[in-house]
Amino acid sequence: MLLSANHWISGLAETLAVNDLHFMLLLVAAWMTLGFAGFLRPHSIRFVARFLFPAGALLCLGVALLAGLFLASGQAPQAVVLPLGLPDLPFHIRLDVLSGFFLLLLGVAGAGISIFAAGYFRSGEGTAPALLGLEYHLFLASMAMVILADDAYLFMVAWETMALSSYFLVTSHHRIPEIRRAGFLYLIMAHVGAVCILLSFGVLQGGSWQFTFDAMRSAHFAPFWATTAFLLALLGFGAKAGLVPMHVWLPEAHPAAPSPVSAMMSGLMLKTAIYGMLRVSFDLLSIRFWQWGVLLLVLGLFSALFGAIFAAVQTDMKRLLAYSSIENVGLIFTGIGLSILFETSNMHLFAALALTAALVHSFNHALFKSLLFLTTGSVLHATKQRSLGKLGGLIRHMPWVASFALIGTLSIAGLPPLNGFVSEWLLLQSFLFTPQLPHAFLNMLIPLGAAVLALTVALSAYVMVKFYGVIFLGQPREPSLVHAHDANWLERLGLIWLAAGCVLIGALPQIVLSAVAPVTGKLLGNTVRSSSTFWSIAPIAQEQASYSGLILLAGILSVVAITFVCVRLLAHGRIRRTAAWDCGYPWQTCRMQDTAEGFGQPIRHMFGAFFRMERSLPSASDDAPRYRVYIEDRLWCGVYLPIARGVQGLADAIAVLQGGRLSIYLLYSFLTLLALLVFVL
Amino acid sequence: MRAISFVRQFVEVVLAIAIAPLFAGWIAQCRAWLQNRSAPPLLLPYRTLRKLFFKDVALATDASLLFRATPYVLFGTMVLAAAIIPSLVTDLPLARVADSIALVGLFATARVFLSLAAMDIGTAFGTLGARREMMVGFLAEPALLMVLFNAFLLYGSTSLPSLVDGYRTHPSIIDPSVIFAAVAFVMVALAENARIPIDNPSTHLELTMIHEAMLLEYSARHLALVEWASSLKLFNYACIGFALFMPWGIATQGLDGVGPLLIAIAALIGKLVIAGAALALIESLSAKLRIFRAPEYLAMAFLLAVLGLLVHLLLGA
Amino acid sequence: MHTSPLIAEVLRVLAAGLLLISFAMLSGRRTQQLIALFAWQGVMLFVSTCLVAYSSGLTEMYYSAALTLLLKVIALPWILNRLIKRLGAQWDSEQLVNVPTTMLAGLVLVIFAFGLAQPIASMATTITRHTLGIALAVILLAFLMMITRRKAVTQVIGFLAMENGLFLAATSATYGMPMVIELGIALDLLVGVFILGIFFFQIREQFDSLDLHNLESLKED
C-alpha cells in the first residue's frame, strides 16, 4: 500500500521535475523560517507556542513521510550542491538510505515532541518565547542538516549549530547557577567532541585535500591511518552520544534543560551521533578490523551496565532517565560493535542482524525515551518537584500522564509485547551466533557478553519499576501533591502519538524492519528477512527463532477479556472499599513506603565498587538522627577533575606571560620581529 | 493450519489451567509426607480457589485501576505462555509466536506488573516485596539466558518446538553440558517461582517474604487469580524444563491422531508426578537463604550454565 | 583396545565433574568440606584412570590408579583431617576477595585454559585429549584458590589439588607418566604434607593463629 502511494507521488514529482531531496530541503528551510517568524510577535507565548510549534510538528510529519517513501521506494541516492558555503567548497547535500532512516526517526519522534512542546511552554521559562522558538527550530533544522550533509564542512557547520542551539536551550532558565554550570560542562564536552570529529575528517581526506564525502569514500588508507580516523571518530561521536567515559555531561545537562528539550536531546541528538559513527565506520572507511568491533563491544557493554547501575541509585527523576539514556546508547554501540566483528569475520548475515538490532533500538529509544521525558515534564509542571523523595501517588490525580508513562516504562524495560523487547530480542539473537567466530578466545569470551546484556536489560526493568512506582504509585510523599492537575490536550496529543508508536512497533515490528532492510543492504550488502508472514518476524529462519508481537498482544488482551467475563458471569463483581490491610498495622503513613534510595539499596550493596559513596549514618544516641548518602561518579573524580586541574595549572603557568606592563608587551612584539627577520631572510 | 491442531491447542490450554493447582497440591502433599506430617487433601487448592472466587473483594481505598487489573494481566500472560509451550504436542498454531527468549520476557512482564501492583497501595511490605522480587529477577535472567544459549548450541534453535524435535533426532543423555544446564535450570526455576532456598511459599513472617509480600493486599477473586497464575507459572517452568531436557512422550511433527495425544498426556502427568516429588525433596533438604546470599546462589547457577557452555565448546560434543 | 563411545562419554562427564569440584573448592567455606571435595576429586581421577587403562590396554595405568586411590582418597585426607582436628581449624576458611568475584576470575581462567589447550589437543592421540583443557583449568583454579585464601591449611589443599590437575593432564595427553616419576611425586606429596604440618604447629605457637596475615609482620621496615 505504501509502495503504490509512492508511485503516485513520484509520478507527480517527475512531472514537476523535483525529487525527494528538494522537498526535504524545502521542509528544513521552512523550519528555519518558522524559527525566525517568532520575532514577528516576540513576547507572545500564545503565538509562538500555539501556532509555530504545531506548524513545526506538521513539518516533522512531512519529513518522516518523505523519508519513509524514499526508503520504501529503494531509489538511488540523490545529491545536490547548494551555492552556499566556501568559494571552493560549496555545501554538498545527499539523501541516501542511511540518512533516510535517521530522518524518519527525526520526523516521527520530533512530531510528538513538538506537539507536546506546544502545550508545555506556558511562560517564557526565563527566555523570551520568540528566542525559544528560534532556538528550538534551529536545533531541529541543524540536526536534519547533519544527517543530510555530504561534505565535512557542512557537517561541521551543522554540528556546531546543533551544539550551540542546544546549549541555549539547556540554559533556558539561565538565572539558576547550577543550570549555567551544567550548560558550561555540556559546551566544553561538545567542543572536545567536535575537535575530535574535525581531526577525524582531517585524517579521512587521505591527502587529497578534498573534503567531500565522495572523495573520502574513494580514498585508500594504511591500517594505521584507518584506525586513527576510527578512534578519533569514536572519541568525538562517543562524546556526543554519551558513551562511557565521555558521558559526564549527560546527567548534568538533561535535568537542567526543560523537558521537551531533554526529550529532543536524548531522543534525537544522541541518534545523530550514532548516525555519524555509522557513516564514518561503514560508509567513509572502506576497510574495517575486528579489533574495532571488540573495542566497540566492550565499551558498549560497559556503558550499558554503568548506566543501568547508576540509574538505579538516583533520586532525581530526570537524572535517572539521563543515566538510562547512557545505558541504551551503550546497547546500540554493542550492536554496532558486533556487526563490525561479524563482518570482518565474513559472517555477513549475522552482521546484518546485529546492525538491524542497533538501528531498531535507536528508533525505539527515540520513541520511548522521549515519551518518558515528556511525562516527567508534565509531572514537573503539575507538582514543581523533581526529586523522587517528594513525589508519589500521582496515578490518582494525573491518570492520562500515568497511563502513557506506564506504556513508556514497559517499553523501556524491554517487556513483550511492546517495542523495547523487539530490539533486545534481535540483539540477543545476534549474540547467539558469536561462538561461531573464528578467533580463538573471542568465541568463548563474547558469549559472556550476552549474559552482561541480559543482566543490563533486567536491571533496566528494575530501574523502571523504581521510576514508575515511586512517582506514580503508592502514597503521596508531600501533602501538596493532591493539587496536581493532568496534562492539557496538546500535551496529551504528543504523548498519545509517541505511546501509539511504541505499541504499534511492538505489535508490528515488520514496519521498522522493512525500513532498516535497505540500510543494512547498502552498508553490509546483506539483509535479514524482514517478515516471513504478516504477523511475525523471523530474522534468520522460521525454525531457528520467530516472534509475533501482534499475536502476543492480541492473545493477552483476549485472555484477559475472557477471564473477566467468565469471572463476572460465574461469580460476582462485588467490591468493598476499606483501609489497606498492611498486616493489621493501624498507623500506616506515607513515610513507611520505600524511598528512592531504599529501592536502590540492593544495587548499592552489590555493585558498590562502581560508586564513590559518602555515607553518614545515625548512631543510637543521636537526638535527631539523620541518614545521608551521597553517590558520585568515580570517573569524574578520577579522570576529569585531575585533567581539569592540569589544564588549570597549565593555564596558570602560561598566564605568567601576561605581565600587565606595556613595555613587556612591546618587548614580545620586538622579539617576534627579530625572530621573523632571522628565519625568513 | 488444520483444524486438528487448533483442537490440540485448546486441549493443551485447558489441561494446563486445570492441572496447575493440582500440581501445587501434589507438591504440598509430598512435602508433608517428607516432613512426617499428615498431608492436606490433594484437591484442596481447588476448594480454596472456589472459596476465594465467591468472597467479596476487600479493596483499599487508595487502590488504582492498575492494582485491580494486574491479577487479570498475570493470569492472561501465564495462560498465553501455557498455550505456547509445547507440553503435549509440537505442532501448535501458537508455538511459533514466541521462542524461549520471548517466553522469558513474558514471565518478566508478569513479574513487573505484580511488582507495580505491590507498590500501588504504598505499604512498607509491598514495596519491600517488589524490590526483592525485582532483584531476584534481574539476577536470574543471565543464568536462564545461558541455559537457553546451551540449548541453542546443542540443537541450533531457541524455538521450543525445534528443540524438542532436535532432541528426538540426536538424544545425548549424558552430555556434561546438558547436565550442567539442567542443574542450572532447576536452580533458576526454584528462584523464579519463589521456592526454598530463595523464598518460603508457606511463611507467615512478613519480613522474610518475597512473593507473598506482594500479595498481602489482594483478596477474594483477585487473590484467586494471582494464586492460579503462580501455580501456572510453576507448571510452565516445569514444562519448559521437560521440553529442554526430557521431551519423551511429546507428540512431534507428523504424529497426529488421538493415540499419540493420549500418550503425551500420560507422559506429562508422569513427569509432573516425578518432578513434584523431586521439588518437594529439594525443598525439604535445603534451608531458606538470607536475602543477600541469593546473589551467590544465582551466581552459582550462572556459573554452572556458563561452564556447560564452555565444556560444550571445548569438548566439541 | 576396547574403545567405545560410551566410555568416551563417561570420561567427558568425569572430567566435567572434576572442573565442577574445582569451582566448589574455590568457593567452599569450611575446611572439612574442602578436604571432602579433594577426596571426591581423587575418586573421580581413580575411576577415569581405570577407564582409560581399560580402553587403552596399558596395565601400568592400573597401578597408577591404585596409587591414586591409596594416596589421594585414603591416606592424604586422613592425614589432613587429623591435622586440622589437632589444630582446631575445622570450620573457618576466610577468603580475601568475596565469592562472586573469585568465581568470575575463575571463569576467565577457565576460558584462558580452554583457549590455550585447543591447538595442543589436536596434536595428541589419546582418547582423552579433549580433557587437556580441563586439566589445565583445574591447575589454574587450584592456584587461584591458593591465592585467595587466608588460612594456611587451605593453601596446602590447593597445592594438592594442583597436583591432581597435573595428573589429569598427564593421563589425558600421554597415557600417564613413567612409574618412577609417579612414585617420586607421591613420595614428595607425603613428605611435604608432614613437613607443612610441623610448620603449622610452629606458626600457631608463634602467632596464636593460623591466619597468614600475621606472616606479613616478618618484613623489614
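The values are calculated or read from the model by the stated rules, or taken from the named source; none is laboratory data. Bear in mind the structure is a predicted one, so any value in this text is a computation, not a measurement. Here Cβ is always computed from backbone atoms with ideal geometry, including for glycine, and neighbour counts include all displayed protein chains.
At-a-glance table
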item	result
Selection from region A:199-224 of residues that are over 11 Å from A:D151 (Cα atoms) and buried (at least 16 other Cβ atoms within 10 Å of the Cβ)	A:L199, A:S200, A:V203, A:L204, A:G206, A:A219, A:F221
Residue, nearest to B:Q29 (Cα to Cα), within region B:251-263, restricted to residues that are in contact with an Asp or Glu (Cβ under 9 Å, 6 or more places away or on another chain) and either assigned to a helix (DSSP H, G or I) or of a type outside the set (S, T, Y) (or both)	B:A251
Test for B:V97: is it over 20 Å from the mean Cα position of the chain (by Cα), within 8 Å of chain A (Cβ to nearest Cβ) and of a type in the set (A, V, I, L, M)	no
Selected residue [at pLDDT 90 or above and in contact with a Lys or Arg (Cβ under 7 Å, 6 or more places away or on another chain)] from B:M119, B:M78	B:M78
Wholly enclosed helices (runs of 4 or more DSSP H) of region C:1-77 bearing at least 3 residues at pLDDT 90 or above and either surrounded by fewer than 20 Cβ atoms within 10 Å (Cβ to Cβ) or in contact with a helix residue (DSSP H, G or I) (Cβ under 7 Å, 6 or more places away or on another chain) (or both)	C:5-27, C:31-56
Members of region A:340-365 found to be polar (S, T, N, Q) and either in contact with a helix residue (DSSP H, G or I) (Cβ under 8 Å, 6 or more places away or on another chain) or over 18 Å from A:Q436 (Cβ atoms) (or both), listed by number	A:T344, A:S345, A:T356, A:S362, A:N364
Given (1) more than 22 Å from B:E206 (Cα to Cα); (2) more than 9 Å from chain A (Cβ to nearest Cβ), number of the condition B:L65 does not satisfy	(2)
Qualifying residue in region B:27-41 (condition: more than 12 Å from chain A (Cβ to nearest Cβ), under 15 Å from B:A229 (Cα atoms) and surrounded by fewer than 19 Cβ atoms within 10 Å (Cβ to Cβ))	no
Among the candidates A:R604, A:R634, residue that is under 30 Å from A:A312 (Cα atoms) and without any contact (Cβ under 8 Å) to a residue 60 or more places away in the chain	A:R634
A:G389, sole failed condition from (1) more than 7 Å from every other protein chain (Cβ to nearest Cβ); (2) assigned to a helix (DSSP H, G or I); (3) within 23 Å of the chain's Cα centre (by Cα)	(3)
Criterion (free of Cβ contacts under 8 Å to residues at least 24 places away in the same chain and either closer than 18 Å to A:E135 by Cβ or crowded, with 22+ Cβ neighbours inside 10 Å (or both)) met by exactly one of A:A190, A:A149, A:A158	A:A158
Count of residues meeting criterion [out of contact with any Phe, Trp or Tyr (no Cβ under 9 Å at 6 or more places or on another chain) and either within 14 Å of chain B (Cβ to nearest Cβ) or part of a loop (DSSP other than H, G, I, E, B) (or both)] in region A:610-657	9
Qualifying positions in region B:134-149 - at the interface with chain A (Cβ under 7 Å from one of its Cβ atoms) and farther than 30 Å from A:I540 by Cα	B:M134, B:M135
One residue from A:L455, A:L432, A:L437, A:L448 being hydrophobic (A, V, I, L, M, F, W, C) and touching a Pro at 6+ places or on another chain (Cβ under 6 Å)	A:L455
Residues of region C:23-44 classified as more than 10 Å from every other protein chain (Cβ to nearest Cβ) and of a type in the set (F, W, Y), total	2
Odd one out for B:F152, checked against (1) within 14 Å of chain C (Cβ to nearest Cβ); (2) in a helix (DSSP H, G or I)	(1)
Number of the condition not met by A:L410 [criteria: (1) within 10 Å of chain B (Cβ to nearest Cβ); (2) crowded, with 24+ Cβ neighbours inside 10 Å; (3) closer than 30 Å to A:I340 by Cβ; (4) of a type outside the set (V, I, T)]	(3)
When residues of region C:48-68 are limited to those that are closer than 26 Å to C:F23 by Cα and touching a residue at least 60 places away in the same chain (Cβ under 8 Å), the one nearest to the chain's Cα centre (by Cα)	C:T68
Restricting region A:563-600 to residues that are more than 8 Å from chain B (Cβ to nearest Cβ) and assigned to a helix (DSSP H, G or I), the residue that is nearest to A:W636 (Cα to Cα)	A:E597
Residue within region B:123-133 that is part of a helix (DSSP H, G or I), more than 10 Å from every other protein chain (Cβ to nearest Cβ) and under 16 Å from the mean Cα position of the chain (by Cα) present	no
B:T77 vs. criteria more than 17 Å from the chain's Cα centre (by Cα) and either facing chain A (nearest Cβ under 7 Å) or under 29 Å from B:R2 (Cβ atoms) (or both)	no
Complete set of residues in region A:430-467 that are touching a Gly at 6+ places or on another chain (Cβ under 9 Å), aromatic (F, W, Y) and either part of a helix (DSSP H, G or I) or facing chain B (nearest Cβ under 7 Å) (or both)	A:F431, A:Y462
Enumeration of residues in region B:58-98 that are of a type outside the set (G, A, S) and surrounded by fewer than 19 Cβ atoms within 10 Å (Cβ to Cβ)	B:T61, B:L65, B:R68, B:P93
Condition broken by A:I556, with the remaining ones in (1) of a type in the set (V, I, T); (2) over 19 Å from B:Y72 (Cα atoms); (3) touching a residue at least 60 places away in the same chain (Cβ under 8 Å) satisfied	(2)
Sole exception among (1) of a type in the set (G, A, S); (2) in a helix (DSSP H, G or I); (3) at pLDDT 90 or above; (4) more than 18 Å from the chain's Cα centre (by Cα) for B:A20, by number	(4)
B:A118 being in contact with a His (Cβ under 7 Å, 6 or more places away or on another chain) and more than 8 Å from chain A (Cβ to nearest Cβ)	no
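Let's see how each residue does on (1) more than 20 Å from C:G133 (Cβ to Cβ); (2) in contact (Cβ under 8 Å) with a residue 60 or more places away in the chain; (3) in contact with an Asp or Glu (Cβ under 6 Å, 6 or more places away or on another chain); (4) away from chain B (no Cβ under 14 Å):
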{"residue": "C:R12", "(1), (2), (3), (4)": "no, yes, no, no"}
{"residue": "C:I21", "(1), (2), (3), (4)": "no, no, no, no"}
{"residue": "C:F46", "(1), (2), (3), (4)": "yes, no, no, yes"}
{"residue": "C:L76", "(1), (2), (3), (4)": "yes, yes, no, yes"}
{"residue": "C:R82", "(1), (2), (3), (4)": "yes, no, no, yes"}
{"residue": "C:N98", "(1), (2), (3), (4)": "yes, no, no, no"}
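Residue-wise test of (1) over 26 Å from B:P161 (Cα atoms); (2) hydroxyl-bearing (S, T, Y); (3) in contact with a helix residue (DSSP H, G or I) (Cβ under 6 Å, 6 or more places away or on another chain).
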| site | (1), (2), (3) |
| --- | --- |
| A:M464 | yes, no, yes |
| A:G474 | yes, no, yes |
| A:A484 | yes, no, yes |
| A:C502 | yes, no, yes |
| A:G525 | yes, no, no |
| A:S546 | no, yes, no |
